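Okay, structure first, notes after.
Read the figures in this text as sums done on the coordinates, not as results from a lab. Small disclaimer: the values here were computed from a predicted structure and weren't measured. Ideal geometry is used to build each Cβ from the backbone, glycine not excepted, and the neighbour counts take in all protein chains shown.
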Amino acid sequence: SWTTGNVIEEQVAAIREQVGDKRAICGLSGGVDSAVAAALVQKAIGSQLTCVYVDHGLMRKGETEQVEKDFVAATGVQLKVVDAEERFLKALAGVSDPEEKRKIIGREFIRVFEQAQAEIIADEGPAVEFLVQGTLYPDVVESGGGTGTANIKSHHNVGGLPEDLEFQLIEPLRQLFKDEVRMVGQELGLPEEIVQRQPFPGPGLGIRIVGEVTKERLDLLREADAIAREELTAAGLDRDIWQCPVVLLADVRSVGVQGDGRTYGHPIVLRPVSSEDAMTADWSRLPYDVLAKISTRITNEVRDVNRVVLDVTSKPPGTIEWE
Ligand code: XMP
């Protein structure tokens, strides 16, 4: 019968068999899937695994620390953190177009990750043969069930990396649905904040700033987002909503009043949605008192924000994210 204990035992045995005395690399995104996949592989092969976390500077408040501290504490995993904030900000400078931003973030991410991989291989030698991926069952079905190898093409050739090094994939979550992955993660002792995390896009806050992405704007959005998340959690609403993007309209200003003075600040958009699979979504009917609390706190506590607006559009026609 299906129990998380059985799944873990089976996977641990299978991974040990597959990897033998070789070594593996796993990219951590801060999300549930990569965290649980890494924890499973760590349980199976311990220090033969090295995890890589690319900090692109587009994460929400506290998320990088969650990976660096809480995840490492819970698993004992060997982690290489790459601080790439400056590199991403530089690449994004002057760019407002959403698709352009996504392309840049994706491209930089692969480059930084491959460079980290190459450094690990340079340190540890040819025994690094495996790459861990948090592929879930729905992903397998969607892509026609293919499996096999991933190619890394080295743009940098750090440490004499072969041109077309082939990794074999370890995909310990291939038979699981999302809720099962969360259960396995819980059983493995991962922090609640990681196991129960709502979906968050790979390009992070970079696609929640309408307009150019700058450090200053990111810091401002991080504060507003942290307040919204804190109040939604305090109100016990985390399980009722699919996610609640918080968006900064960086190119819009409106007039406000605070104390005796006129303000001219930016609006923050709250985008709480209910959904089953993110293909369609409805805007969440959040209690007015919770919305009021979030609005009051954001306008009081976040510099340069003088208005909070609620997105009441379903998907379609709106997407969940604004970009
Ligand atoms: P949209 O905005 O298309 O979002 O309605 C649907 C779901 O996908 C998430 N999303 C992403 N997730 N990389 C991801 O891993 C991305 O580039 C990305 N873009 C959107 C979004 O948060 C929502 O849950």
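What to note about this one:
- Spread of Cα-to-Cα distances over 10 Å intervals beginning at zero, given as percent, for the range 166-323: 10, 34, 33, 16, 5, 1, 0
- Filtered GluC sites (Glu not before Pro), the range 167-256: DSSP coil and at most 15 other beta carbons within 10 Å: GLU212
- Over all Cα atoms in the chain, the spread is summed up by Rg and Dmax: 21.1, 71 Å.
- Computed helical MRE - 222 nm, the chain, DSSP H runs ≥ 4 contributing -39500 (n - 2.57), nearest 500: -12000 deg cm²/dmol
- Over the Cα atoms of the range 4-194, the radius of gyration divided by the Kirkwood radius equals 0.96; this is the Rg/Rh ratio.
- Dipole orientation for the chain: of the candidates LEU49, LEU221, PHE130, LEU221 has the Cα lying most toward the positive pole (charges on Cβ; Lys, Arg +1; Asp, Glu -1).
- Most fluctuating residue given options LYS61, LYS22, LYS43, as computed from a GNM of the chain linking Cα atoms under 10 Å: LYS22
- Peptides 100-111, 254-265, ordered by how many other C-beta atoms sit within 10 Å of their residues on average, highest first, read 100-111, 254-265.
- Charge dipole (the chain, unit charges on Cβ, about Cα centre) - positive-most of ALA84, VAL308, VAL184: VAL308
- Peptides ranked, highest mean first, by Cβ atoms within 10 Å: ranges 307-317, 194-204: 194-204, 307-317
- Evaluated with a Cβ-only charge set (Lys, Arg +1; Asp, Glu -1), the range 20-100 carries a dipole of roughly 440 debye about its Cα centre, given to the nearest 20.
- Pairwise centroid distance, computed over Cα atoms, of the range 212-239 with the range 1-49, Å: 32
- Whole-Å distance, taken between Cα centres, linking the range 178-199 and the range 256-286: 28
- Rounded to the nearest 20 debye, the dipole magnitude of the chain is 700 debye, with +1 charges on Lys and Arg beta carbons, -1 on Asp and Glu beta carbons, and the Cα centre as origin.
- Net charge in the neighbourhood of ALA74 (other residues with Cβ under 13 Å of its Cβ; Lys, Arg +1, Asp, Glu -1) is -3.
- Listed pairs LYS69/LYS101; LYS22/LYS90; LYS80/LYS103; LYS22/LYS61; LYS90/LYS315 exceeding 26 Å between Cα atoms: LYS69/LYS101; LYS22/LYS90; LYS22/LYS61; LYS90/LYS315
- About the Cα centre, charge dipole magnitude for the range 63-120 (Lys/Arg +1, Asp/Glu -1 at Cβ), debye: 200
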